[in-house]
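Written below as C-alpha cells is the structure these notes are about.
The values are calculated or read from the model by the stated rules, or taken from the named source; none is laboratory data. Here the structure is a predicted model, which means the values were calculated and not measured. Using ideal geometry, Cβ is built from the backbone for each residue, glycine included, and neighbour counts are taken over all protein chains shown. The accessibility values were calculated without ligands, DNA or RNA, using every heavy atom of the protein model including side chains. Shrake-Rupley method; radii C 1.70, N 1.55, O 1.52, S 1.80 Å.
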Amino acid sequence: MADTNVIKLPVTEERGPATKRARPPQFDPEEEEQNRQKNVKRVAALGEKDGSVKLLEELVFGAEAELLHRLVEQEDEERTDTLLVEDEDEESGESEDESEARLQLQPARKAAWVDEDDELEEEVDMKHRYRRHLVRGEAESTMTKQKLQQRMREQFQKSMGGAPSWAESGAKKKKKKADDDDDDDEDENEEEEEDDLLRRTGNFVAFSDTLPSGIVRMKKCLHANSARPSEDRLTTVQFHPSAQVVMTAGLDQSVSLFQVDGKTNPKIQSIHLERFPVHKAQFSRDGETVIATSLKNKMFYLYDMMEGRVTPVHSVRGLNEARVKEFSVCPEGGALLLTGTNGYLHLLTLKTKEVVRSMKINGDVCGVAFSHDSGKVFINSEEGEVYVWDMRSSRCVNRFADDGCVKGTSIAASRNGQYLACGSQSGVVNIYSQEACLNSANPKPLKAVMNLLTSATSLTFNPTSEILAIASRAEDEAVRLVHLPSLSVFSNFPVSKRKFVYRASCLDFSPHSGFFSLANNKGHAPLFRLLHYKDF
C-alpha cells in the first residue's frame, strides 16, 4: 500500500539534448529610418482623408506646440477678417435709403410682454365723455382698441409738437440729423444733455421762491414745550421776533421760554405767576419784554427778559375797566391796545402806564388787527361789522358788513398789506383785499373758506403773506392752512391716523416762516418745520 503521507514531486520529463539560444536581430539604422518614413506617409494619407483624425494623430504623437500655434493663427485671421468687413462697411458710403432699407430688413424686436386682451378685436364706445374729443366724425361712434391707441398716440404727438427724440428709431434720427446740418453743434449738445440726464440719478427738481399750492411740504418735530409741558390748557404760543426762541403760556400760571431747534427744544427759563392763570402773553415789539394778562384780573404783568424781573401793574391811570383780558401790541412799539367792554378800545403807553386815547364801536369787540403801515386798525365786532380806524386822528374812516356774517369771532391782516381775513361763528372765513376794505363800503370777499364747521376763533398770516392759518378751539383737529396766492386750502394738513393737534387756541409762525406752532388744550405746543422756507 502506498504511503499517503508522502508528497509526490512533479514528474520531470527527460531533457533532450540542449539547443542553442537564438540571438536578437542586430539594429539596422537604415531599415529603421525606412520604416519611420513609411509610417509618416501613412499618417499623412490618413490626415488627407479626415482633418479631425489628423489633428488627433498629431496630438497623440506629441505635436502640441504646432497645434496651438495653428489655432492662434486661425483666430487672428478671423479677427482680421471681421475688422476688414467693418472697414469696408464704413468706406462703402451707402446711401441713407439703402441703410434704412437694410434696417427694415432686420428682424423686429420681440416685445418683452404681450397682453392677450390687446389682440382681441373689441369695439370701444366713443360716446363716453372721456373719449369724445378723439372722435372725428359721427360715423366713429365705436372704434377698435388698436385704432383708439393710434388716435391717442397721434394726439399726444400733436400736443408735444411731434414725437420725442428718444422715441425715434435709429434711421429716423440719422435722417433728421442730415436734414439739420446747420444746427449740428446745438443738436449734439442737446443729445449729450439728454444722455447725461438718462445716465445719472439725482435731484433734478429746483426749488422755486414761490410757495406751491396743493400740498405743503412740512415735517413734524418734537413739541416746542416738550422740555416742560403745561399741566393745564395752553392759551398762548408765540415766536420771538428776532431770536430763535418760542414762548408758551397757559392756565397753569406759568410763562416758559424754549430754544427752537426742532430736535430737543431745550428750556431757557420758566416763571410762575401766583394765582394768575395766563389768558394771553405776547412779546413787545423789541422782544425784550413779555406782557401777560389773566382772565378775571385788572392787573397784568410785565416780564423784563434782559434783567429777569417780573413787574405787576395793578392799576392803569384813566382805565375804567373791571378786567384786562384781550390786548394787542402796537407795531410802532411802546403801546398796547386794550380791549374793553361795550365796544371800547384803549391805547395804553407802557412807559407811563396810562391810557392816552380811547375808541368805541357798536357792539362788543371780537378782534383787532393793525394795517401794515400801523396807521390803520381793523376792528371786528360781534355784530358782524368791521370798522377801520385811523390811529393818528382817532376817527373811523370806513365801515362795512362782513359778507354773510351773523356774529364775528376773529380778524387778522397780512403784513404786506394785501389781505384781510374775518372769521365768524359759523366757521366761514372771508378773505378780503385790504385796499377794498379801506376804500369800499361794500367790499366783496376774494374767497370764502368754509373748511371749518365750528366757530373760527384763531386767524394768523405768516410773515411772507403766503399762508393763512385758521383754527377753531371748539373741535379737535380743526386747523387748516390756506395758500393765499391760489386761495386754496392745503390738502395734507392736518393728516394723521391719530389725533395730534387736538383743540388749538393760538397759532403762530416763526419770523421767516421756517416753523409753525400752535397751543392746544392738552398743554402741548405741536411744532412743524415748513420745508419750503430755509430760514427760521
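Net charge near Ser242: determine it from the other residues with C-beta under 11 Å of the C-beta of Ser242, scoring Lys and Arg +1 and Asp and Glu -1. Residues near Ser242 contribute -1 overall. Net charge of the neighbourhood of Cys366, taken over other residues with C-beta under 15 Å away and scored Lys/Arg +1, Asp/Glu -1, is -1. Taking each of Lys280/Lys360; Lys267/Lys447; Lys298/Lys444 in turn, the alpha-carbon distance tops 31 angstrom for Lys267/Lys447; Lys298/Lys444. In plain terms, the chain from Arg129 to Arg275 could stretch by 45.7 nm, reckoned as 0.36 nm per residue minus the Cα-Cα distance. For the pair Ser491 and His372 in one chain, pulling the backbone fully straight at 0.36 nm per residue adds 39.9 nm over the alpha carbon distance.
Pull out a ≥ b ≥ c, the square roots of the eigenvalues of the alpha-carbon gyration tensor of region 237-288, then state rounded if a/c is under 1.5, prolate if not and a/b is larger than b/c, and oblate in the remaining case. Oblate.
Heavy atoms only, probe 1.4 Å: what % of the accessible area of region 394-437 goes to carbon and sulfur, would you let me know? In region 394-437, the share of accessible area belonging to carbon and sulfur is 42 percent. Once you sort the root eigenvalues of the Cα gyration tensor of region 424-536 as a ≥ b ≥ c, which label holds: rounded (a/c under 1.5), prolate (a/b larger than b/c) or oblate (the other case)? Oblate, since a/c reaches 1.5 and b/c is not below a/b. To the nearest Å, what is the center-to-center distance of region 236-256 and region 388-402, using C-alpha atoms only? Rounded to whole Å, the Cα centres lie 32 Å apart. Considering only the other residues whose Cβ falls under 13 Å of the Cβ of Tyr301, what net charge follows from Lys and Arg at +1 and Asp and Glu at -1? For residues surrounding Tyr301, the net value is +3.
For region 216-315, the list of GluC sites (Glu not before Pro) that fall in a loop by DSSP and count at most 10 other C-beta atoms within 10 angstrom reads Glu274, Glu307. For region 475-534, what class follows from the C-alpha gyration tensor (a ≥ b ≥ c being the square roots of its eigenvalues): rounded when a/c is under 1.5, otherwise prolate if a/b is larger than b/c, else oblate? Note, shape of region 475-534 comes out oblate.
In loop segments of region 237-311 as defined by DSSP, the trypsin sites (Lys or Arg not before Pro) with at most 13 further C-beta atoms inside 10 Å of their C-beta are Lys263, Arg275, Lys296. Spacing of the modelled spin labels on Glu231 and Asn442, each 7 Å from Cα toward Cβ, amounts to 5.7 nm.
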